[in-house]
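What follows is one structure encoded as structure tokens, with my remarks underneath.
The values are calculated or read from the model by the stated rules, or taken from the named source; none is laboratory data. Just so you know, these numbers come straight off a predicted model, no measurement behind them. Counting neighbours? That spans all protein chains shown, and the Cβs are built from the backbone with ideal geometry, glycine included.
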Amino acid sequence: MINTFLNLPRVQKRLISVASDMVVLFVAIWSAFALRLEQQLWVPDQGHVIVAAITVVFTIVVFIRLGLYRAVIRFLGDKALLTIIYGVFASALALIITGYLLQVPIPRSVPIIYGALAFVFVSGTRLGVRMLVNHPHQRNKEAVAIIGAGETGMALASALRQGMEYRPVVFVTFNKANHKSMIDGLPVVSIDLIAKNMLKYGVRRILLALDPNSRVDRKKLLKQLEPLSIPVQTVPSVSELVAGQARINDIRDLEIEDLLGRDPVQPDNAIVAASLYGKSVMVTGAGGSIGSELCRQIIRHRPKVLVLFEQSEFSLYAIERELQSINRIEGLDVALHPLLGSVHHRRRCETVMKAFGTQTVYHAAAYKHVPLVEHNVIEGVQNNVFGTWYTAEAAVAAGVERFVLISTDKAVRPTNVMGASKRLAELVLQGLARRQRGTVFSMVRFGNVLGSSGSVVPLFRDQIRDGGPVTVTHPDIIRYFMTIPEASQLVLQAGSMGEGGEVFVLDMGEPVKIADLARKMIHLMGLTEKTDEQPEGDIEIVFSGLRPGEKLFEELLIGDDPQGTAHPRIMMAREVSMPWADVEQTLNRLMRASHEFDCQEVQDILKAAPTEFAPNSGVADLVWCNGNQERVSEARNAGKVRRLPLG
């Protein structure tokens with residue numbers, strides 16, 4: 001019967017609602033008189049019938065004008081109840097006025113009794129229908145607990161009730177005084193008793209809905225949730241909701257900031273804003289994970305011009321489209337210029353910088369995946385070393401004021417080509433900083449970035465969703481971690497602090513054990529680890545062994561005497577640099593070896609430079625290992641290697 005009613009045309013549903021209201025309003029008037037006169041079988045005379053009819057018709061007209069019949073009953077909310085209150089109040093007044101005009105005696109308490117009964121009958125019929133319609137759907141939904149009983153939690157509960165997937169059954173609060181209370185019809189339990197109550201209410205999923213101003217220790221919270229082996233997810237941030245990028249019921253996996261387990265480093269926004277506001281800024285590698293986040297943060301500081309320089313057409317299209325949306329929604333009025341190009345082409349870079357009067361360059365273009373660069377040595381060196389050199393020389397020629405290189409902790413005592421190439425790139429910029437004074441060069445060195453294209457977090461997440469196993473290279477491998485927004489904020493902060501040739505590093509706290517990170521992700525996705533002691537577990541962790549060029553632990557400083565800066569969590573490294581003449585000689589040798597595709601020579605040059613490069617394996621370049629070294633040697637001896645100009 002309910003389904004038949006739901007499938008009726010909208011007009012027929014409204015007619016049924018009108019007829020129902022007319023009946024209950026007549027009943028409310030009769031009941032009001034019967035209660036007041038204490039006559040269970042009170043029979044109205046002709047005058048009372050006329051007054052009742054006029055009152056009911058008037059009330060229906062008021063309800064129509066107030067839009068009550070446009071409200072969808074299954075989604076009935078507070079506004080509809082307020083509409084009923086207004087309509088019933090007007091109806092009670094109509095009863096008084098009609099009785100007075102027609103000289104029909106109406107006791108003074110009857111309109112009050114009638115108003116109360118009319119509200120109960122009209123709203124009760126709608127709430128009853130809503131319950132009948134929604135109850136079967138609610139039973140089929142997955143039971144969820146909402147952690148956070150504030151405004152965000154209540155908004156989430158309301159949104160989930162209207163959806164088709166989840167059914168909120170309990171709120172979890174951090175305030176012990178609220179334990180065993182009720183909010184929005186749902187029980188509230190203390191976080192300290194969460195394990196017991198998750199079983200009691202049959203919770204299948206936990207949703208984090210913490211208010212933005214809540215001072216909850218997320219690291220401690222996740223430690224409490226991890227043993228439950230119930231999937232833990234979160235809702236979008238307030239900034240995403242305000243920007244219209246997400247809805248409150250867009251449930252997603254835990255933010256990677258939660259997995260980090262420490263407080264993010266906060267930038268000095270005043271200093272950053274002063275260095276970007278009204279300026280012309282260029283970001284190379286603008287479509288990458290770091291470059292794109294840099295662009296998102298830079299645009300909100302309202303530069304005059306933001307040049308997006310990227311060699312991947314799709315990546316450039318994606319970030320330009322996103323930034324245009326931010327620009328429009330937030331009314332930033334920043335001139336965006338998406339440009340295709342490679343940092344290998346110095347003249348292209350110089351022309352672009354001059355065309356848009358670039359004042360600051362953030363150089364994020366790089367190959368950063370350790371195994372891939374080990375297997376593609378020449379391309380890695382070309383992009384990371386020569387790409388940086390050509391872009392920096394272009395900046396000098398174009399009169400750029402500041403040039404900031406995004407470096408990596410793998411540049412410290414590197415054991416792989418990627419790290420060595422980034423360390424040599426740092427030496428190139430330090431040499432250029434000493435060679436000239438027009439452009440201020442600085443470098444920012446940080447650890448692994450959670451959520452970037454080369455991060456383990458998305459890899460682990462995909463492996464867990466696929467049923468495992470989760471692959472970790474070594475049980476003792478540890479890494480420093482930070483989030484993409486945090487890394488980008490550090491880059492902007494350091495870019496505004498640099499005076500020439502500095503290497504800035506972040507105090508990143510304690511390093512994270514990769515195996516522990518994998519276990520935490522398994523547990524927080526509602527699964528258990530499969531081990532020899534627990535063979536019935538869901539996901540197994542497999543240790544695959546260190547890859548070529550990979551270290552058990554990374555460092556941020558080469559020396560042991562870092563210098564403090566104006567920011568309490570940012571340090572400045574004191575490290576060996578090279579005079580420009582030595583840098584240039586090294587680059588020329590490296591260029592010849594690259595032209596000859598001599599990977600062994602490239603590795604030897606990187607070792608000879610003051611990079612402290614100590615490879616833990618031989619050359620792993622795929623082409624070199626498949627016999628190309630013999631052809632290169634023969635061509636070199638025969639003088640047949642054709643040296644092509646780069647840039």
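Which members of segment 353-362 meet the condition of being among the aliphatic types (A, V, I, L, M) and over 32 Å from the mean Cα position of the chain (by Cα)? Within segment 353-362, Ala355 is the sole residue that qualifies. Looking at segment 372-388 only, could you name the residues that are within 12 Å of Met591 (Cα to Cα) and of a type in the set (A, V, I, L, M, F, W, C)? Ile378, Val381, Val385, Phe386, listed by residue number. When segment 361-377 is filtered for residues that are touching an Asp or Glu at 6+ places or on another chain (Cβ under 7 Å) and surrounded by 24 or more Cβ atoms within 10 Å (Cβ to Cβ), only Val377 remains. Selection over segment 314-355 of residues that are polar (S, T, N, Q) and farther than 23 Å from Ser289 by Cβ gives a count of 1. Within segment 587-610, residues that are not assigned by TED's automatic domain parsing to the domain that holds Val417 have Cβ atoms under 7 Å from residues that are among the polar types (S, T, N, Q) and surrounded by fewer than 19 Cβ atoms within 10 Å (Cβ to Cβ) in these pairs: Phe597/Asn628; Gln600/Gln629, counting only partners at least 6 apart in sequence or on another chain.
Kindly indicate whether any position in segment 507-527 is assigned to a strand (DSSP E or B) and closer than 30 Å to Ser577 by Cβ. Looking for residues that are assigned to a strand (DSSP E or B) and closer than 30 Å to Ser577 by Cβ, one finds none in segment 507-527, hence no.
Here Val396 passes the criteria (1) under 23 Å from Ser496 (Cβ atoms); (2) assigned to a helix (DSSP H, G or I); (3) in contact with a Leu (Cβ under 6 Å, 6 or more places away or on another chain) except the one numbered (3). The residues listed here are Val43, Val24; of these, the one that is within 52 Å of the chain's Cα centre (by Cα) and either modelled with pLDDT of 85 or more or exposed (fewer than 12 other Cβ atoms within 10 Å of the Cβ) (or both) is Val24.
Of all residues in segment 252-295, those being buried (at least 16 other Cβ atoms within 10 Å of the Cβ), modelled with pLDDT of 60 or more and on the phi > 0 side of the Ramachandran plot number 1.
Among the residues of segment 149-159, the one identified as surrounded by fewer than 22 Cβ atoms within 10 Å (Cβ to Cβ) and under 23 Å from Ala195 (Cβ atoms) is Gly150.
Can you say whether Phe613 is within 40 Å of the chain's Cα centre (by Cα) and either modelled with pLDDT of 90 or more or more than 20 Å from Arg435 (Cα to Cα) (or both), as far as the supplied structure shows? So Phe613 passes the test. Scanning segment 307-349 for residues that are touching a residue at least 40 places away in the same chain (Cβ under 8 Å), assigned to a helix (DSSP H, G or I) and aliphatic (A, V, I, L, M) yields Ile326, Ile329.
Considering the conditions (1) more than 21 Å from Glu310 (Cα to Cα); (2) polar (S, T, N, Q); (3) surrounded by 24 or more Cβ atoms within 10 Å (Cβ to Cβ), Gln436 is excluded by exactly one of them, (3). The set of residues in segment 271-290 that are assigned to a helix (DSSP H, G or I) and in contact with a helix residue (DSSP H, G or I) (Cβ under 8 Å, 6 or more places away or on another chain) comprises Ile271, Val272, Ala274, Ser275, Leu276, Ser289, Ile290. Would you be able to say whether some residue in segment 319-334 is acidic (Asp, Glu) and at positive phi? Yes, because at least one residue in segment 319-334 is acidic (Asp, Glu) and at positive phi. The criterion of at least 2 residues that are in contact with a strand residue (DSSP E or B) (Cβ under 9 Å, 6 or more places away or on another chain) and in contact (Cβ under 8 Å) with a residue 40 or more places away in the chain is met, among strands (runs of 3 or more DSSP E) falling completely within segment 165-219, by 205-208. Only residues that are of a type in the set (Asp, Glu), outside any helix (DSSP H, G or I) and modelled with pLDDT of 80 or more were counted in segment 220-251, giving 0.
Within segment 594-616, the set of residues being of a type in the set (A, V, I, L, M, F, W, C) and part of a loop (DSSP other than H, G, I, E, B) comprises Phe597, Ala609, Phe613, Ala614.
Selection of first residues in segment 350-365 that are within 19 Å of Gly287 (Cα to Cα) and in contact (Cβ under 8 Å) with a residue 24 or more places away in the chain and of second residues that are crowded, with 24+ Cβ neighbours inside 10 Å and among the aromatic types (Phe, Trp, Tyr), restricted to Cβ pairs under 7 Å at least 6 apart or on distinct chains, gives the following pairs, ordered by first then second residue: Val352/Phe309; Val361/Phe403; His363/Phe403. Among the residues of segment 543-571, those that are outside any loop (DSSP other than H, G, I, E, B) and modelled with pLDDT of 65 or more comprise Phe543, Ile570, Met571. You will find that of Lys196, Lys180, Lys176, the residue that is exposed (fewer than 13 other Cβ atoms within 10 Å of the Cβ), among the charged types (D, E, K, R) and modelled with pLDDT of 80 or more is Lys196 and no other.
When only residues in segment 593-626 that are loosely packed, with under 15 Cβ neighbours inside 10 Å and of a type in the set (A, V, I, L, M, F, W, C) count, which is nearest to Gly419 (Cα to Cα)? That would be Ala614.
Per the listing Glu486, Glu540, the residue uniquely among the acidic types (Asp, Glu), modelled with pLDDT under 80 and either touching a strand residue (DSSP E or B) at 6+ places or on another chain (Cβ under 7 Å) or part of a helix (DSSP H, G or I) (or both) is Glu486.
Given the criteria touching a helix residue (DSSP H, G or I) at 6+ places or on another chain (Cβ under 6 Å), small (Gly, Ala, Ser) and either modelled with pLDDT of 90 or more or at negative phi (or both), does Ala34 qualify? Considered against the rule, which asks whether it is touching a helix residue (DSSP H, G or I) at 6+ places or on another chain (Cβ under 6 Å), small (Gly, Ala, Ser) and either modelled with pLDDT of 90 or more or at negative phi (or both), Ala34 comes out as no.
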